[in-house]
1. Can you tell me how many residues within segment 2-15 are touching a residue at least 24 places away in the same chain (Cβ under 8 Å) and more than 16 Å from the chain's Cα centre (by Cα)?
2. Which residue pairs have Cβ atoms closer than 6 Å, lie 6 or more positions apart in sequence or on different chains, and pair a first residue in segment 106-117 that is within 17 Å of residue 143 (Cβ to Cβ) with a second residue that is exposed (fewer than 13 other Cβ atoms within 10 Å of the Cβ)?
3. Every residue in segment 177-193 that is surrounded by 20 or more Cβ atoms within 10 Å (Cβ to Cβ) and not in a strand (DSSP E or B), please.
4. Give segment 16-30 a look and list any residue that's assigned to a helix (DSSP H, G or I) and either free of Cβ contacts under 8 Å to residues at least 24 places away in the same chain or crowded, with 23+ Cβ neighbours inside 10 Å (or both), or say none.
5. Name every residue in segment 138-149 that is touching a strand residue (DSSP E or B) at 6+ places or on another chain (Cβ under 8 Å) and under 15 Å from residue 110 (Cα atoms), in order of residue number.
6. Taking only segment 2-15 into account, find how many residues are outside any strand (DSSP E or B) and at pLDDT 95 or above.
7. Considering only residues that are under 23 Å from residue 159 (Cβ atoms) and in a helix (DSSP H, G or I), which ones fall in segment 105-118?
8. With the structure loaded, tell me whether residue 121 is in a loop (DSSP other than H, G, I, E, B), in contact with a strand residue (DSSP E or B) (Cβ under 6 Å, 6 or more places away or on another chain) and under 16 Å from residue 153 (Cα atoms) or whether it fails that test.
């Protein structure tokens, strides 16, 4: 069956509308200043206010101070938080918002031990991200390493693009797919053609 899709690293209203119009379920806004896809809270607020209904807005943070997250939340209407660093479960839940926790592939050997700490997370995102980067590296990993039958939804990220997304759907049982660099013309700039091609692959997959 077709999976849910989030396009992350949105930096402009036009890209956000392209994602929404193509039929994706969510956009991701990166609040990690060292990322090439970083957006200010003010810009993110403009993007969110331009979206049509039923598009989930996700804010990505990496080892941010609690005050930084709170300040962002005071300016941006986010539906969901996504934590990509070494945040503790207590930190993740302290903002009174639903959240998902990203884990790198280096933690898959002890996946349940790591993931179970975040018992109130809505889902666990598994990314091939390089340590200290907020995803978007374009690197894949062996999908056979993904945990099977975990109690929470699994979100797959890392190196996905229009050419391999149908294979990812067929070969995994993940709940959702998270893309960034795979639908870009340059870092932080999305390609409408690639977004449309991706969503055609997702919608037409018959698995």
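The values are calculated or read from the model by the stated rules, or taken from the named source; none is laboratory data. These figures come from a predicted structure and were not determined experimentally. Because the Cβ atoms are built from the backbone with ideal geometry, glycine has one as well, and the counts that use them run over all protein chains shown.
1. So the count comes out to 3.
2. These pairs meet every condition: 108/145.
3. 180, 181, 182, 183, 188
4. Hits for segment 16-30 are 16, 19, 21.
5. Here is the first cut: in segment 138-149, the residues touching a strand residue (DSSP E or B) at 6+ places or on another chain (Cβ under 8 Å) are 143, 146-147.
Once the filter is applied, which keeps residues that are touching a strand residue (DSSP E or B) at 6+ places or on another chain (Cβ under 8 Å) and under 15 Å from residue 110 (Cα atoms), segment 138-149 yields 146, 147.
6. Within segment 2-15, the first condition is being outside any strand (DSSP E or B), and the residues that meet it are 2-3, 8-15.
Subsequent filtering for residues that are at pLDDT 95 or above retains 8-15.
Selection size over segment 2-15: 8.
7. Scanning segment 105-118 gives 105, 106, 107, 111, 114, 115.
8. yes
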